[in-house]
Amino acid sequence: MHARQSALLAHGAQLQVIAVHTDQTIENVTAQAVWMPADASLFTVTAGRLVGKAPGTADLAVSWGGAITRVPVRPQLHSMMWVPKRSVERRIS
């Protein structure tokens with residue numbers, strides 16, 4: 001059994017669903033996706049935007065075109081900034 005790592009997402013984060021079709025064309029299908037949080041008391045998703053409500057971790061199921069995927073999500077209730085490690089290392093060096 002593999003440990004599942006949750007995605008830490010900031011309140012207000014914009015999520016996207018990108019479809020890669022069999023002919024290799026790419027389409028943003030975020031507006032057509034169905035968002036299904038396992039525990040709506042922790043977070044909801046409206047038009048692809050995460051709304052954090054409480055700390056914790058719950059699966060987010062996303063469905064589009066008959067396909068479904070699940071990812072564990074841990075909402076961050078305050079704003080955060082992610083800086084790539086390399087840019088921090090360059091500034092310190």
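The values are calculated or read from the model by the stated rules, or taken from the named source; none is laboratory data. Keep in mind that this is a model prediction, so the values were computed, not measured. Cβ: placed from backbone, ideal geometry, glycine included. Neighbour counts: every protein chain shown. Just so you know, the surface numbers come from the protein's heavy atoms only, side chains and all, with ligands and any DNA or RNA stripped out. Shrake-Rupley method; radii C 1.70, N 1.55, O 1.52, S 1.80 Å.
The calculated FRET efficiency for ASP23 paired with ILE68, based on their beta-carbon distance and R0 = 22 Å, is about 0.50. Seen from LYS53, the other residues with C-beta closer than 15 Å to its C-beta sum to a net charge of +1, counting Lys and Arg as +1 and Asp and Glu as -1.
Find the accessible area per residue for the stretch 5-57; the probe is 1.4 Å, ligands and nucleic acids are left out, and the unit is Å².
Accessible area per residue: 61 Å².
Extension gain, ALA61 to ARG49, is 2.9 nm, computed as 0.36 nm per intervening residue step minus the present C-alpha separation.
Put a dot 7 Å past the Cα of VAL34, heading toward its Cβ, do the same for GLN76, and the two dots end up 3.1 nm apart. The HN-Hα couplings worked out from phi for the stretch 38-45 by the Karplus form 6.51 cos²θ - 1.76 cosθ + 1.60 (θ = phi - 60°) are 5, 9, 5, 6, 8, 6, 10, 10 Hz, whole numbers, x standing for Gly and Pro.
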